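The values are calculated or read from the model by the stated rules, or taken from the named source; none is laboratory data. Source: prediction; values computed, not measured. Here Cβ is always computed from backbone atoms with ideal geometry, including for glycine, and neighbour counts include all displayed protein chains. Heavy atoms of the whole protein, side chains included, go into the accessibility calculation; ligands, DNA and RNA do not. Shrake-Rupley method; radii C 1.70, N 1.55, O 1.52, S 1.80 Å.
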Amino acid sequence: MDKVIKTGVLSFGMSGSLFHCPFLNLHAKFELTAIVERSVKKAKKIYPTINSYNTVDELLAQPDIELVVVNTPSSTHFEFAMKALKSKKHVLVEKPFTVTSAEAKGLYEEARKQSCFIMPFQNRRYDSDFLSVKAVVDSGKLGQLIEVHLRYDRYIYNISNNLNKESNRPGNGVLYNLGPHLVDAALALFGEPKAWSKVIQKKRPNTQVDDYAHIHLAYENGLQVFLTTSLLVALEQPAFVLHGTKGSYIKYRSDVQEKQLQSGVAPNSPSFGVELPSHEGELVTMENELAIVERIPPVKGSYFNVFDAVYKTLGSKASFPVTEHQIIKQIEILES
């Protein structure tokens, strides 16, 4: 397929302005055609040729728009994605894909009914730190994995005025905000667990949403995976800790793409996604009872790869990297 996919984005908040619009605007196979801005019209100033609509329904009514990015508050993902599918649009949905696994199953069923594709936006699969970890796991240098710890932390003590995130609504809280990245990473690296358990807590004064979550995944082969996300970690912890029969690997969270986008670095800049040399992971393997220490260079990340995958799925019906089974399992784990 050689055509350009005309695309509409349902919100111009952080995800729209950083993770979607800059890439859609620069990608040769997409045209950033329209956006929904209910009050302040910011996007039009940056992208003068786009159409800015006041409502989701107005955007969905445009016959030339083929792909819709659902990046609105979490509790609205199911409603808007379903509307888009019924309007015979392909859909790319921000995390969390939905609040419940029943909603996720319903969206995939509707997509098949409408002969459309619905795809989860899991951009952290293309972070340099995750790609570095995946390369080490795939190399087999760790032997059989025994214990893995994945973390995604921030320090946000004060409650913000953003009701879309801080109010007690379905899909709010750190479990559904940062948890999808961790669960998706585990499913992508290690497959489906046989069992899981979960702890969620509210620790900040007057918080209405969870700000700590811990998930334990147990695998058939004995692998134990521990996922932790917290808004009260002031001292940075390693984001990836892996122990196997032949060695261990530690990597701090280091992807630069989000910070570069926030500072105005264009996604097509040569420096985009390039980590500093000091951000290597540390691999220690044992050979004849001697520790062999290696510094593993970061892999260059690029969120352009998400949109490359979307285009391949729409154009040649290639399997999307995040499968239906994986996303439904992710939501089952989060909602349990």
Matching residues in segment 138-164 (out of contact with any Phe, Trp or Tyr (no Cβ under 8 Å at 6 or more places or on another chain), surrounded by fewer than 17 Cβ atoms within 10 Å (Cβ to Cβ) and of a type outside the set (S, T, N, Q)) number 10
For segment 266-283, enumerate the residues that are touching a strand residue (DSSP E or B) at 6+ places or on another chain (Cβ under 9 Å) and open to solvent by less than 40 Å² (accessible area, probe 1.4 Å).
-> Gly281, Leu283
For residues that are closer than 17 Å to Gln330 by Cβ and either among the hydroxyl-bearing types (Ser, Thr, Tyr) or modelled with pLDDT under 95 (or both), scanning just segment 136-170, find the one that is nearest to the chain's Cα centre (by Cα).
-> Tyr152
What number of residues in segment 74-88 are touching a helix residue (DSSP H, G or I) at 6+ places or on another chain (Cβ under 7 Å), open to solvent by less than 30 Å² (accessible area, probe 1.4 Å) and within 18 Å of Val310 (Cβ to Cβ)?
-> 4
Among the residues of segment 288-317, how many are in a strand (DSSP E or B), of a type in the set (D, E, K, R) and in contact with a Ser or Thr (Cβ under 8 Å, 6 or more places away or on another chain)?
-> 1
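Kindly indicate which of Gln257, Gln326 is under 30 Å from Tyr108 (Cβ atoms), touching a strand residue (DSSP E or B) at 6+ places or on another chain (Cβ under 9 Å) and surrounded by 13 or more Cβ atoms within 10 Å (Cβ to Cβ).
Numbers: Gln257 fails: touching a strand residue (DSSP E or B) at 6+ places or on another chain (Cβ under 9 Å).
Only one candidate qualifies: Gln326.
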Considering only residues that are over 15 Å from the mean Cα position of the chain (by Cα) and of a type in the set (D, E, K, R), look in segment 89-105 and name the one that is least open to solvent (accessible area, probe 1.4 Å).
-> Lys89
Could you please find all residues in segment 14-28 being surrounded by 18 or more Cβ atoms within 10 Å (Cβ to Cβ) and part of a loop (DSSP other than H, G, I, E, B)?
-> His27
Given the residues Ser302, Ser263, which is the only one that is open to solvent by 60 Å² or more (accessible area, probe 1.4 Å) and either polar (S, T, N, Q) or over 16 Å from the mean Cα position of the chain (by Cα) (or both)?
-> Ser263
Listed residues Val40, Val68, Val4; which is surrounded by fewer than 20 Cβ atoms within 10 Å (Cβ to Cβ) and more than 22 Å from Asn268 (Cα to Cα)?
-> Val40
Of the residues Ser11, Ser52, which single one is in contact with an Asp or Glu (Cβ under 9 Å, 6 or more places away or on another chain) and in a loop (DSSP other than H, G, I, E, B)?
-> Ser11
